[in-house]
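Presented below is the structure to which this report refers.
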Amino acid sequence: MSPSTLPALHALACPNCARPLDQRERRLSCEAGHSFDLAKQGYAPLLAPGSNATTGDTADQVAAREEFLGSGAYDPLLDAVAKASLTDAPGVVVEPGCGTGHYLAAAVAADPVREGVGLDTSKYALRRCAKREVPDSGPRQAAGTRGGLAAVLADAWNRMPVRDGAAAAVLNVFAPRNADEISRILHPRGMLVVLTPREDHLRELVDALDLLSVDPAKPQRTADQLGSVFEAERTDELRYSIGLGHPEVMRLVGMGPSARHLAPGALAEAVAALPETVDVTVSATVARWRPRG
Ligand SMILES: C[S@@+](CC[C@H](N)C(=O)[O-])C[C@H]1O[C@@H](n2cnc3c(N)ncnc32)[C@H](O)[C@@H]1O
Ligand SMILES: [Zn+2]
């Protein structure tokens, strides 16, 4: 395989007609003649007709996320997601709403046979995902194989540019969840891994900074949404505390949904009034769901 071949190409599908895609130089094309040039930042623009590409995170949100996740504060969540994504099904790991590819890279690194496909509507996130190296650690290092990530511009609420049954695992981490599409792309022995925040996630900051809180009905809504196509196999609850200084608090707020609702001046003032180090609860559920039937 030449180094410029897009990883996981065999798992991708034309967004216009669902046929397989081939690559020549920097152009992807299907047998029906639809073609798509890779962006110079390395991601593949495969938006299906009728997609809404305006939903993606801003450059500031993405920069804040990259820095915050890079600090290791969510590493217990990362490890839990990577472990939960291990399956004996053939195929790739797909993450709709992959952001910078932080979780996707960890899941791919955990299994020597995997490559990854990250779908997102944020070009800022995809630029980082396209450049992300899969860590050479654990099982992959032992096997001596390199897993790559394909960063793909696609709307997770529309038809995804992924072939039927091509995913051994699908990750859903703080991101849009389209149960029917996930079911279509997942192999029958594959696994959907869903990380959802619990009611007390970041509660100290929610209280002190008036952030958007997690809806207590969310776990039930998730179960209702997924229950018709998937069955729950296992659920792990993670809860731990982290000590954050003011810059980390700014990044954590900046990467999340509250970033779009708070005036920057008001946030900086509220953060300045916090103790120098704030103990913050991280609380989330990592669930494994199998396709029914
Ligand atoms: C809260 S972030 C989570 C990113 C990543 N899963 C993580 O936890 O690091 C949600 C991501 O979903 C993306 N997104 C929002 N709407 C989307 C859509 N309709 N299709 C694909 N991605 C979308 C955003 O751009 C953002 O990168
Ligand atoms: Zn086509």
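Before moving on, here are some points about what is shown:
- Every helix of 4 or more DSSP H residues in the chain counts as -39500 (n - 2.57), and over all residues that averages to -8500 deg cm²/dmol at 222 nm.
- Note: relative contact order over the chain, using C-alpha pairs below 8 Å and six or more positions apart, is 20 percent.
- Heavy atoms of VAL113: accessible area, 1.4 Å probe, square angstrom to 10: 110 Å²
- Couplings 3J(HN,Hα) of region 6-11, computed from phi: 5, x, 6, 4, 4, 8 Hz, in residue order, whole Hz [Karplus 6.51 cos²θ - 1.76 cosθ + 1.60, θ = phi - 60°; x for Gly and Pro].
- A cut-off of 5 Å between modelled amide H atoms, ignoring neighbours fewer than 5 places along the same chain, links VAL173 with LEU195.
- Burial ranking of peptide ranges 215-225, 75-85, 153-163 (average Cβ count within 10 Å, highest at the top): 153-163, 75-85, 215-225
- Nonlocal amide H pairs with PHE230, under 5 Å, H built at 1.01 Å: ARG292
- Its Kirkwood hydrodynamic radius, worked out from the mean inverse distance over all distinct Cα pairs, puts the chain at 19.6 Å.
- Cα gyration tensor shape of region 55-189, rounded if a/c is under 1.5, else prolate or oblate by comparing a/b with b/c: oblate
- Residues whose amide H lies under 5 Å from that of VAL117, counting only those 5 or more places away or on a different chain, are VAL93, VAL94, GLU95, ALA150; hydrogens are built 1.01 Å from N in the peptide plane.
- Among ALA151, CYS98, PRO176 the positive-end extreme of the charge dipole of region 55-192 (Cβ point charges): ALA151
- The radius of gyration of the Cα set in region 8-109, together with its Dmax, comes out at 16.1, 47 angstrom.
- Relative contact order computed over region 68-221 (Cα-Cα under 8 Å; 6+ residues apart), in percent: 24 percent
- Nonlocal Lys pairs with alpha-carbon distance under 26 Å, the chain (8 or more apart, or different chains): 5
- Vicinal HN-Hα couplings computed from phi for region 278-289 (Karplus, 6.51 cos²θ - 1.76 cosθ + 1.60; Hz; Gly/Pro x): 10, 7, 10, 7, 9, 9, 8, 10, 10, 10, 9, 10
The values are calculated or read from the model by the stated rules, or taken from the named source; none is laboratory data. Please read all numbers here as calculations on a predicted model, not as lab measurements. Cβ: placed from backbone, ideal geometry, glycine included. Neighbour counts: every protein chain shown. Remember, those area values only see protein heavy atoms, side chains included, never the ligands or the DNA or RNA. Shrake-Rupley method; radii C 1.70, N 1.55, O 1.52, S 1.80 Å.
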